[in-house]
Every structure is written in structure tokens, then in C-alpha cells.
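Below is one structure; the comments refer to it alone.
The values are calculated or read from the model by the stated rules, or taken from the named source; none is laboratory data. What you see is a predicted model; the values in this text were computed from it and never measured. A quick note on method: Cβ atoms are made from the backbone with ideal geometry, for glycine too, and the neighbour counts reach across all protein chains shown. Ligands, DNA and RNA are stripped out before the accessible areas are found, and what is left, the full protein with its side chains, is counted by its heavy atoms. Shrake-Rupley method; radii C 1.70, N 1.55, O 1.52, S 1.80 Å.
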Amino acid sequence: MASLRERHGRLRHEIAAGSRDAVARQRALGKRTARERLDLLLDDGSFVEVEMYRRHQAHGMKLGENRPYTDGVIAGSGTIDGRRVFVYAQDFTVFGGSLGQAHAAKIHKVMDLAIAAGAPVIGLNDSGGARIQEGVMSLDGYGGLFRRNVQASGVIPQISVVLGPCAGGAAYSPALADFTFMVRDVARMYLTGPDVVEAVSGQRVSHEDLGGADVHGRRTGVATLVYDDEESCLDDVRYLVSLLPSNNLDPPPSLPSRGAAADHRPWLAEIVPVESHKPYDMRAVIAELVDDGEFIEVHEIWAQNVVCVLARVDGEVVGVVGNQPMVLAGVLDVAASQKAARFVRFCDAFNIPIVTLVDVPGFLPGTDQEHAGIIRHGAKLLYAYCEATVPRIQVILRKAYGGAYIVMDSRSIGSDLSLAWPTNEIAVMGAQGAVNVLFRKELVAAADPEGLRADLTSEYAEQLMHPYYAAERGLVDDVIDPAETRAAVARGLAMLRNKRQAQPQRKHGNIPL
């Protein structure tokens, strides 16, 4: 028995240590090993590995001569701040992290366990893609992974972290996840690599320019969060998990009350200018509303004209959606509609109340937006809000014009509580635009058109856009002092905490994708 124990311990040590040369090459690329990454992500000593001794059973193409343990993926379960998660980390030092039949089977097992246990699943991706030597079996493995991604969607949180290449079909798993993290300079994700792009189109492009972290963070919206290094990336994965429920049947984790229901924040009135055309940073407003000014922003560098964050108000997790007047005056466009719609649907799936901060002049006009399908994409956001059954609070800070007002969780589409500042302007359009439409003939015939326009604009605003116009008609529940916003939101969330709303029985709706 002593001899067996010695052999067993030596084998486990050798498997964990990996190939010295391969580990050195990994570090030369500026990357940590799979096990080092798991150490950063999980609580100390909490990781329980499964199928450490798994080896591929493939033959041919010299594969039978090389059968390393783990088959290029470390899989198992651990805890983050004491809460259970399931995790797999692809090991680039073994077959370049490529996915074969045994490799896929380990990931499938972890995902099945996560769904059964009702716990988040986190994938650390660092893979050259399909293991070509295993042919169709590697493709079958990816198919099984994607099917489980879809089965888990809306049931358990899914987080993908791209810490190296993620090429070909492998890119679909991060795309199906709820959150995708990428690290600059080392992460890259694309369906066809630079060589194929050049062969087909003649266009030469680098790996980074084709599918680097900034490309997916800023242009495609595939990356939810982008970081400069692995440490800060994995640290924020831990923070994100602290804000998420374990599954769709559990409430989000809460902290003790912070006394927000009596909190007075006079600085809010200073942040937002009274003049509706002057910009300000919506993030500064959010920082005043949430506990300790702390939040995690998703898609921070994509579609920046809308801000989506997860945070806490009075110890309870909330999702906040807000127009960003600093970018495109806060209008809604194709990308912003998609970004906000996906975020709203995630919050609804996992019982996270939604607070919507409105300061929107409308949808972005122009042939580019119309031809890009702004109607269809705007309808995604409309659908997401209409479908959501979690507590929903709307706060109108300044402008709320036209269809964009409706789409930003108005009372008409099901907001539970609508609050407005005294600076609110809720209307079909701005006063001057309305006057130009309604009194076009009169303005053309007037001796002093500018004077008449000013008088009519003032009259229109006074009659149809005064701060209490919507409240008098029951479309706003209360007009509040900006300094009372945090307190009013906290009280509203407490009032709605036990909200239950049944949906019509159906297989699923048909969202305009």
C-alpha cells in the first residue's frame, strides 16, 4: 500500500505540474497555466477536480503515440466567496487546448453537473479549436457543448473567459454565454483565422485586428468586459458571481440594509444640468444611486450611448439601464437597443429587479440606421421590457421623447413604478420640432417667423411638456426631488420585492431577432 500511495502521489504531481517545456512556452506568451488561473479564480483549497486521469481513445495520425492525462482541460467544482460554482479551464500546454472527444466529454460532465446542482458554470477558454486528428468526433463534441449552453440558458448563469485563442466553432460557446470576458493581447476569437481570410479575400489582417479583445469589446459586442491582464479579469469574474443568484429559482444574494430609504443625495441635482441639451455622465448618477458607488458595467466600450450595470441598492442586487447623454446625446440606435435588450432579458431570467434611468431624445435618425434595421432592433428592447416580470422602476430625469420614451420601460409597457424629476419633459417630440410641424404654414407667412416660433414653442412647452403633465394623467406615479432619488428607488424596490406576475401559457414568444 505504501508503494501504491507513493506511485499515486507521484502521478498526480506529474499531471498537475505538466510538461516543463510546454509550461515555459505558455508563460513566454504572457499567459498563466490552467491550474494557476483556477487558483486565482476560486477560494483557496476549494477546487475538486473530476476526471484528472481521462485520456483520449483515438487512433491514427500518430495520436495513439501521445495520450496525456486530462486531455487538455481541467474540470471540476469549487467555491467563490463560499458559493458553489462549476468550472473548466482549457490547458494550452496539452494539444494546444484543442477539443477532442474526451476533452469535450469532460466539459459536458461539468455542465451537466452545474445544471443539476443549480450553480453557475465558468469556462476558461484557451484553445486552438477542434482537434483535427479526431475529425468529426471533435465537431460532435462542440455540438454537445453548444446544446448544453442553450439548455442552461436562463437556468444557471454562464460565464466564459477568453484567455487565449478561441477559434472556429469554439467561438460559439462564449457567444452563447451570459457574460464573456476577454484579456487584451492574449485573447482572440474568430470563426476563420487571418490565413483563411487572406486566401479567400486577399485581405491581410493580424490576429488582434481580426478578433482581439478590443475588436469584440468595442465593435462587435461579443465581449462583455475587456481587461489588460488576467488577474484583474478573474478578480472581476469573482465580483460578478457575488452579484448573481446561483440559478433561476434562487434570489440574488443580498447584504444587510444600508438605510437607503432615508438617504439624501443633494449632489444628484448638481450632476444633471437643468438645460436638456447639456450633457452629463449617467455613470455619475448611477454611482449616487447604488451602494458605495460600486457597480460592474457590462459592454462598457460598446454602444456607449446606453449604460447597463449590475449593482446593489440597499443591499439588494439590481440591474440599471440608463441613456448616456455624453454619447450621441443618449439616443437609441441599433447597437444600444441590442445591448439593453440582452441585459434586460438576463435580469428578468435571474430575478434581478430593473431600474431604468431615462434621458432620451429619441431614436437615431438616418438612412444608415433605418437600413440597418432599427425598427427590428428597437423592437428587441421593447419586447424585452414587455416580457419582463421582475420589479421594474422607471426614473425620468429629463427628456423622454417619442417612441424612445415608450421603449425605455414606460408605464404603458408594464413599468411597476414611474418616477420623474421636476426637469422631466415627456412628449412626442421636443417643443421646437413640434411647433415646426404643427405651424409650418403660419411660420412661413409670418412677418417675424423667429419671434412667432419662440412664442409658440414656449406655449407648447407650457401646455404639453410641464413637469406634471404625465403625472396628472397617471403615467407618472410621483414627481420627486432629485436628491430623494436613491431613497425613492429603495422604497419602491422594497414595495415590489414580493412581486409575482403570471405569464400566458406558451412554448415561447417569437422575439424579433
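Structure notes:
- Of the criteria (1) part of a loop (DSSP other than H, G, I, E, B); (2) among the polar types (S, T, N, Q); (3) under 20 Å from the mean Cα position of the chain (by Cα), which one Ser257 fails: (3)
- Flag if Leu381 is at pLDDT 95 or above, within 12 Å of Asp409 (Cβ to Cβ) and either of a type outside the set (Gly, Ala, Ser) or part of a strand (DSSP E or B) (or both): yes
- Among residues that are open to solvent by 40 Å² or more (accessible area, probe 1.4 Å), within 19 Å of Lys399 (Cα to Cα) and of a type outside the set (A, V, I, L, M), Tyr468 is included.
- Selection status of Gln463, without any contact (Cβ under 8 Å) to a residue 12 or more places away in the chain and surrounded by fewer than 21 Cβ atoms within 10 Å (Cβ to Cβ): yes
- In the stretch 114-131, the residues that are touching a residue at least 40 places away in the same chain (Cβ under 8 Å), open to solvent by 10 Å² or more (accessible area, probe 1.4 Å) and more than 24 Å from the chain's Cα centre (by Cα): Ala130
- Candidates in the stretch 183-231 are the residues that are buried (at least 16 other Cβ atoms within 10 Å of the Cβ) and of a type in the set (Lys, Arg); of these, the one that is farthest from Val161 (Cα to Cα) is Arg218.
- Test result for Phe350, modelled with pLDDT of 95 or more, open to solvent by less than 30 Å² (accessible area, probe 1.4 Å) and touching a Cys at 6+ places or on another chain (Cβ under 7 Å): no
- Looking at Val274, Val307, Val298, just one residue is crowded, with 18+ Cβ neighbours inside 10 Å and under 24 Å from Tyr401 (Cβ atoms), and that residue is Val307.
- In the stretch 2-52, the qualifying residues are those that are hydroxyl-bearing (Ser, Thr, Tyr) and assigned to a loop (DSSP other than H, G, I, E, B), and the one that is surrounded by the most Cβ atoms within 10 Å (Cβ to Cβ) is Thr33.
- Restricting attention to the stretch 266-285 and to residues that are outside any loop (DSSP other than H, G, I, E, B) and among the charged types (D, E, K, R), the residue that is modelled with the lowest pLDDT turns out to be Glu270.
- Test: Val321 is modelled with pLDDT of 95 or more, outside any strand (DSSP E or B) and either under 25 Å from Gly402 (Cα atoms) or open to solvent by 10 Å² or more (accessible area, probe 1.4 Å) (or both): no
- Leu310 passes every criterion in (1) assigned to a loop (DSSP other than H, G, I, E, B); (2) in contact with an Asp or Glu (Cβ under 9 Å, 6 or more places away or on another chain); (3) closer than 22 Å to Thr79 by Cβ apart from (1).
- Residue in the stretch 395-414 that is in contact (Cβ under 8 Å) with a residue 60 or more places away in the chain, in a helix (DSSP H, G or I), open to solvent by 20 Å² or more (accessible area, probe 1.4 Å) and not acidic (Asp, Glu) present: yes
- Out of Val489, Val476, sole residue that is in contact with a Ser or Thr (Cβ under 8 Å, 6 or more places away or on another chain) and open to solvent by less than 40 Å² (accessible area, probe 1.4 Å): Val476
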